[in-house]
Amino acid sequence: MGVVTTDEIFTWEESKKHRDYVRYHGVLQFINLWKKSKDRKNDEFKWGDELEFMLVKFDDKNKIAKLNLISHKLLPILNEKENANPNGVDCIWRPEFGSYQLEGIPGQPYGGLLSDFKTVEKNMRNRRLEVMEYLKSDEIIMMLTVLPRMGCPNSFDPSEQPSPNSNDYASLFVASNTVNQQFLRWRRTSVNLRARRNEVLAINLPIFKDKNVPEPFREDLRAFNDDGKCEAHAKDNHVYMDATGFGMGCCCLQVTFQGRDIQEARVLYDQLTPFVPIMVALTAACPIFRGYLTEVDSRILSCIDSVDDRTPGERGLEPLEDNEMLIRTSRNGSTEWYLSEEGDRYNDVDLEYDEKLYKLLRDHEVDRILAQHIAHLFVRDSLCLNSMALQSNDETDTDLFENIQGTTWRTMRFKPPPANLSTGWRVEFRPCDIQITDFENAATACFIALLTRVILSFNLNLLIPLTKVEENLHRSYKRDAINKEKFWFQRDITRSETEKKLSIDEELCELTIDEIINGKTETFVGIIPLMNSYLDNMNVDSETRCTIQQYLDLFKKRASGKLMTDAAWIRKQVTSHPEYKKDSIVSDRNNYDLVKKIYEIQMNTKQHPEMFLSY
Ligand code: ADP
Ligand code: MG
Ligand code: MG
Ligand code: MG
Ligand code: MG
């Protein structure tokens, strides 16, 4: 999120008046930053992960697991160590959207040595252990993308009645105390987003049609005090949700990489982009929403629809009003624009942007490709503005740039150096669901980190047209996509046929995840075989190699169907529970037993060979 330092956040009506100012000065702030940083060279390869954790409270008497709304009490305590010794802590704690969430990052980023991979898993584990010191006996911190019953009665502690008709965080299912209570920016962002959209949010996830699900499946939303507004947006045979928290309040894993210079960062941003849907399928961990089994396995679709602040006109549903233009997508979604010169060949999205802002960027000699990216970013409005940000200095501050950049939640993010220039050009890989064990989270972070090394050292080309990446993304979150879907992919990732001058269509093929990861005899080499040949050429100590091998094995076996994704495993637990009635409903007891079981696995008191480490 952008940095907002006071609580005096404008309403959407107020904010709207500053729209042109924010856009112009936000872009100008980027231009100044770019001028200062464009020639920076030889930054070290550094990287780091972000894990979003979930706080849960058990009611053991009634066998209910609830989200524990205490992050505003915990975070100040957790920050004490860092405040006393900013460079000497093992992990750093940051606020998140939900008042049941915390974000933890390593105390220092990792460096270029592969031997750093050995420390990742332990650091992740230590983060949880650190929080546990401050929890009561019925409270836990855990890794789970979303509590299966989030938004059902009894799913939060303390429990407050949702207020669907308020001007605050209006929802049929979740109250405003579920949003961060210490920093109001998330709540204000949600409220302004909904006000800008000028319509209720409509997150519709297809329900998993088990034997006893009625046809059509349709909930009576009046039972949740709907006055008809939500009813009109709820689709048959879908689980309907109406709040930002159903997307932004899901927990994920993100990884940030620093390029040597802006050029390398642009290459990495592009090359990682086609791999986004592949990782979504490989790390899917989120099959249940608001107490129902769904046809999706990850949080991607709910994330996209939970922050769609476009007006009906911008979505193409009504005539455009003054100052409006059609906007293709929500603030969250697939990468829409490649940034490298090579990537530009595959830029096939009709990108909307303001000509004046584009011209401003070009007048300052920002190249065409980057100018289009930034001008496109600034089709969005600020959802979280205050007067301080309006006073920011275009030469030295980046508040208005970050204000839009930080509230545009694409699956990849291109991060310029911060205002104080303490770090370089970075790219962030953002689509993965959090995994339920440290092992899997470490494996995921290291797998992507290793991929960046392999891409750069072998000069791989993973590029495909961005409309195809987007198509892949919409395949990747479907139930069991990892085994059932094929994905558009670059046929010649090692550039062995470049002299043939193939057309883009000829470069494309459709592959299964197994073929992409493990290779396909003769025709496609596979990502893991490439990683192994990279490792063979590196001087890696045997302990590091062994750690990495286990991580590669996880993805190798998930891809080949030998191991389950967390999503598949969660489905299996829930559907084999004695209380499950083949109606796709996950009861309180089922939710409780699942959370307990996952917690035991996280604490290493139970092993689950279907999921990992089954040799
Ligand atoms: P945001 O929430 O904006 O994505 P965070 O500060 O929460 O950013 O997380 C940034 C991640 O980047 C952390 O994992 C951190 O360790 C890592 N990181 C910090 N400095 C660098 C750097 N110079 N290069 C790459 N990664 C870095
Ligand atoms: Mg963060
Ligand atoms: Mg976060
Ligand atoms: Mg988040
Ligand atoms: Mg992040």
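Descriptive notes on the structure:
- Hits among lysines - C-alpha to C-alpha of K556 under 29 Å, sequence gap 8 or more where chains match: K46, K118, K122, K468, K478, K484, K486, K520, K572, K596, K597, K606
- Each residue of the stretch 326-333 was assigned a 3J(HN,Hα) from its phi angle through the Karplus expression (A = 6.51, B = -1.76, C = 1.60, θ = phi - 60°), giving 4, 10, 4, 9, 4, 5, 10, x Hz with x at Gly and Pro.
- Computed on the Cα trace of the chain, the radius of gyration divided by the Kirkwood hydrodynamic radius gives Rg/Rh = 0.94.
- Charge dipole (Cα centre; +1 on Lys/Arg Cβ, -1 on Asp/Glu Cβ; no other charges) of the stretch 472-571 amounts to roughly 480 debye.
- Take 516-526, 89-99 and order them by the average number of nearby Cβ atoms within 10 Å per residue, most first; the result is 89-99, 516-526.
- When peptides 179-189, 345-355 are sorted by average Cβ neighbour count within 10 Å, with the highest value leading, the order is 179-189, 345-355.
- One way to sum up the overall shape of the stretch 364-474 is the equivalent ellipsoid from its Cα gyration tensor, whose semi-axes run 29, 19, 16 Å, largest first.
- Rg/Rh (Cα only; Kirkwood hydrodynamic radius) as it applies to the stretch 487-615: 1.12
- Percent breakdown of C-alpha pair distances by 5 Å bin, ordered from the shortest bin, for the stretch 8-97: 2, 9, 10, 10, 11, 14, 17, 14, 7, 3, 3, 1, 0
- Every helix of 4 or more DSSP H residues in the chain counts as -39500 (n - 2.57), and over all residues that averages to -11000 deg cm²/dmol at 222 nm.
- Shape of the stretch 522-566, Cα gyration tensor, a/c cut at 1.5: oblate
- T523/D210 FRET efficiency (R0 30 Å; Cβ-Cβ; nearest 0.05): 0.20
- In a reduced charge model with +1 at each Lys and Arg Cβ and -1 at each Asp and Glu Cβ, the chain shows a dipole moment near 1080 debye about its Cα centre.
- FRET efficiency, 1/(1 + (r/R0)^6) with R0 45 Å, evaluated for K36 and L320 via beta carbons: 0.75
- Using the average count of surrounding beta-carbon atoms within 10 Å as a protection proxy, the listed peptides 47-55, 35-43 rank, highest first, as 47-55, 35-43.
- Separation between Cα centres of the stretch 319-367 and the stretch 100-163, rounded to whole Å: 36 Å
- Rounded to the nearest 0.05, the FRET efficiency derived from the C-beta distance between L421 and N225 at R0 = 45 Å is 0.30.
- The chain: antiparallel DSSP beta bridges as a percent of all, rounded to 5: 95 percent
A short reminder: the numbers here are calculations on the coordinates, not readings from a lab. The shown structure was predicted, so the numbers you read here are calculated from the model rather than taken from an experiment. As a convention, Cβ positions derive from the backbone with ideal geometry for all residues, glycine included, and neighbour counts pool all protein chains shown.
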